[in-house]
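Once you've had a glance at the structure underneath, I'll fire off some questions.
The values are calculated or read from the model by the stated rules, or taken from the named source; none is laboratory data. Computed from a prediction, not measured in an experiment: that's the story for all the values here. Here Cβ is always computed from backbone atoms with ideal geometry, including for glycine, and neighbour counts include all displayed protein chains. Quick note on the areas: whole protein, heavy atoms, side chains included, nothing else; ligands and nucleic acids left out. Shrake-Rupley method; radii C 1.70, N 1.55, O 1.52, S 1.80 Å.
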Amino acid sequence: MDKTKKKRKRLIFRSIILALLVGLVVLAIVQNLQKDDSAVDVGDDAPDFQLEQFGKDEPLQLSDYEGKGVMLNFWATYCKPCEEEMPYMQELYPEYKEKGVEIIAVNLDSTKLVVNRFIDKYDLTFPVPWDKSNQVMDLYKIGPIPSTYFINPEGEIERKVIGALTLERLEQYLKEIQPEG
């Protein structure tokens, strides 16, 4: 009889511990899902940031581009879809820069030399800031890359695109954020 009572008490104790652990896991999952809802999205003001730029002495500050349309692209050299869209960005940059639209390609690589070679390979002339500590990646809650935000002249996010852009889609989205006049 004593062995049966001990087994029963042990079973009840283990069941309570298991229920507590399951409850904690469910709580953790719910909290993580709620955190993801706070990601920067269409209609939000684009969070400001400042980063060191490749090939420039002065840092890049997003708020300096107020009044212009901004394409904010997050990429890395190891990302093949990122590499495929870079020539399209470079092709359209001179024309849209004159129309008041800036392309900013935030790099997420860890090695400066690799990025500098990439910039030279594609003759990139638009600003390429370096997010070496992932501060802006975290600020914008970037997951898969490439990820691109199209920001209107008032600083509001008009469109968010995850994945590579074709030349046609890129040009359409740049037209959408072009300042009027």
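What pairs come up if the first residue lies in the range 170-181 and is within 11 Å of Arg159 (Cβ to Cβ), the second is open to solvent by 20 Å² or more (accessible area, probe 1.4 Å) and outside any helix (DSSP H, G or I), and their beta carbons are under 7 Å apart, counting only those six or more places apart or on different chains?
Tyr173/Arg159; Glu176/Glu158; Glu176/Arg159; Ile177/Glu158
I would also like to ask the following. When you go through (1) touching a residue at least 24 places away in the same chain (Cβ under 8 Å); (2) surrounded by fewer than 21 Cβ atoms within 10 Å (Cβ to Cβ); (3) under 18 Å from the mean Cα position of the chain (by Cα) one by one for Val106, which number turns out not to apply?
Exception for Val106: condition (2).
Let me ask something else about it. Here are the criteria: (1) touching a Ser or Thr at 6+ places or on another chain (Cβ under 8 Å); (2) closer than 16 Å to Phe54 by Cα; (3) open to solvent by 50 Å² or more (accessible area, probe 1.4 Å). Tell me which single one Asp123 does not satisfy.
Here Asp123 meets the rest and fails (1).
Kindly indicate whether Asp48 is at positive phi, loosely packed, with under 15 Cβ neighbours inside 10 Å and not in a strand (DSSP E or B).
Spelling it out, it is not the case that Asp48 is at positive phi, loosely packed, with under 15 Cβ neighbours inside 10 Å and not in a strand (DSSP E or B).
Is it the case, given these coordinates, that Val25 is surrounded by 11 or more Cβ atoms within 10 Å (Cβ to Cβ) and on the phi < 0 side of the Ramachandran plot?
For Val25, the condition - surrounded by 11 or more Cβ atoms within 10 Å (Cβ to Cβ) and on the phi < 0 side of the Ramachandran plot - is not met.
What's the total number of residues in the range 147-170 that are more than 13 Å from Val70 (Cα to Cα), open to solvent by less than 70 Å² (accessible area, probe 1.4 Å) and either among the aliphatic types (A, V, I, L, M) or more than 15 Å from the chain's Cα centre (by Cα) (or both)?
5
Could you tell me which residue of the range 51-94 is farthest from Asp41 (Cα to Cα), considering only residues that are exposed (fewer than 15 other Cβ atoms within 10 Å of the Cβ) and touching a helix residue (DSSP H, G or I) at 6+ places or on another chain (Cβ under 9 Å)?
Checking each candidate, the answer is Gly55.
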